[in-house]
Amino acid sequence: MKRTNFNIFLFLLIFFLAYEITAIKLNYFSFTLYLFSILLISNDSQNDKLINLLTFNYNKILSELAYNNDILKLTNILKNSDININNLKLITLADIIQKENEYFYINKGSENGIKIKDIVINEDNLIGIIIQVYPKLSKAKYILSSDFEIISIIKETTCLGLSKYLNNNLVFVPIDIYSFEKKIININKPYLVLTYGYYSIPSGIPIGYIYDSNSLNITIKKDLKNSIHTLVLRRL
C-alpha cells in the first residue's frame with residue numbers, strides 16, 4: 001500500500017514539474033507563477049507609486065538623453081559658421097508639430113521664453129522665423145515660402161544682400177550688384193550664405209549654399225520635410 005502511494009505521489013510530482021516547465025515556456029497558466037504573484041503583491045497602492053516613480057524616472061532619463069543628443073547635433077551648425085557665440089541666446093529646444101506650405105508650428109511658446117522674430121534652425125541651416133507666439137506653441141514663417149527675406153552675407157566676403165524667396169526659389173540678391181562678381185570670383189565654390197545679424201537675428205547662422213553664381217539660387221541643406229527637432233535662437 002505504501003509503495004502504491006509513493007508511486008502515485010512520484011507520478012503527480014513529475015507530472016506537476018513537467019506541466020510547470022511546459023506552462024512557463026509556452027505562456028500557459030502556471031500554478032507556481034500564480035502563487036508567487038499573490039505572495040509578491042503586498043500593497044497595491046505602494047506598487048502603483050513604485051511603478052509611477054520608475055516610469056517618471058525612465059521618461060525623464062529618456063528626455064534628457066534625447067535633449068542632449070539633439071543639442072549636440074543641432075549645435076554642429078554653430079561650429080561651421082562665423083557666429084559670435086557672445087551674440088547668441090539659445091532660447092529652447094522645440095519639435096515641429098505641424099507643417100504647412102508656408103508655415104510650421106513648434107511645441108514651445110511664450111512659457112518657454114519664445115518671442116516674435118526669434119529664428120528656428122535645424123542641425124544644418126536656418127529654417128524659419130517666429131511670427132506668432134502662444135503660451136504653449138509658436139508659428140514660424142518657413143524659409144522656402146513667399147514674402148520670406150532676411151539680410152545675409154556670403155561667408156568670407158563682404159557681399160551683403162537679401163536672401164529672398166522669388167519665383168519658387170530662395171535667391172541671394174546682392175545690394176551692390178556691380179561689384180558682386182569681383183568679390184566672389186576668387187572664392188572657392190560652393191558659397192555659404194550666412195545671416196548678417198540684423199535686429200534680433202543672430203549673425204553667422206548658415207542659410208544655404210550657392211552653387212551657381214549666375215543664378216544665385218540658394219540651396220538649403222535640410223528642408224522642412226526632413227526636420228523634426230529644432231533650436232530657437234535670438235540675438236542678444
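Here are some residues: I114, I131, I91, I143. Which one is surrounded by 14 or more Cβ atoms within 10 Å (Cβ to Cβ) and within 22 Å of I220 (Cα to Cα)? Show your work before the answer.
Values: I114 fails: within 22 Å of I220 (Cα to Cα); I131 fails: surrounded by 14 or more Cβ atoms within 10 Å (Cβ to Cβ); I91 fails: within 22 Å of I220 (Cα to Cα).
On inspection, the qualifying residue turns out to be I143.
Rundown of residues vs (1) among the basic types (K, R); (2) assigned to a loop (DSSP other than H, G, I, E, B); (3) in contact with a strand residue (DSSP E or B) (Cβ under 7 Å, 6 or more places away or on another chain), yes/no style:
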residue	(1), (2), (3)
S145	no, yes, yes
E156	no, yes, no
S163	no, no, yes
L170	no, no, yes
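Which ones in the stretch 108-125 are farther than 15 Å from P202 by Cα and either modelled with pLDDT of 90 or more or among the β-branched types (V, I, T) (or both)?
Hits for the stretch 108-125 are K108, G109, S110, E111, N112, G113.
I'd like to know if the stretch 163-171 contains one or more residues that are charged (D, E, K, R), at pLDDT 90 or above and out of contact with any Gly (no Cβ under 8 Å at 6 or more places or on another chain). Reasoning before the result, please.
Going through the stretch 163-171, the residues charged (D, E, K, R) turn out to be 164.
The next check asks that each one be at pLDDT 90 or above; those that pass are 164.
Subset that is out of contact with any Gly (no Cβ under 8 Å at 6 or more places or on another chain): 164.
Yes, because at least one residue in the stretch 163-171 is charged (D, E, K, R), at pLDDT 90 or above and out of contact with any Gly (no Cβ under 8 Å at 6 or more places or on another chain).
Considering each residue of the stretch 83-106, count those that are at pLDDT below 90 and part of a loop (DSSP other than H, G, I, E, B), and give that number.
Residues in the stretch 83-106 being at pLDDT below 90 and part of a loop (DSSP other than H, G, I, E, B): 4 in total.
Within the stretch 172-200, work out how many residues are modelled with pLDDT of 80 or more, outside any loop (DSSP other than H, G, I, E, B) and surrounded by fewer than 16 Cβ atoms within 10 Å (Cβ to Cβ). Even if it seems obvious, please write down each step before you answer.
The initial filter retains those residues of the stretch 172-200 that are modelled with pLDDT of 80 or more, namely 172-175, 190-200.
After this cut, where a residue has to be outside any loop (DSSP other than H, G, I, E, B) as well, the list is 172-174, 191-195.
Now drop any that are not surrounded by fewer than 16 Cβ atoms within 10 Å (Cβ to Cβ), which leaves 173.
The number of residues fulfilling the criteria is 1.
The values are calculated or read from the model by the stated rules, or taken from the named source; none is laboratory data. Every value quoted in this text rests on a predicted model; they were computed, and no experiment measured them. Cβ atoms come from the backbone with ideal geometry, glycine included; neighbour counts cover every protein chain shown.
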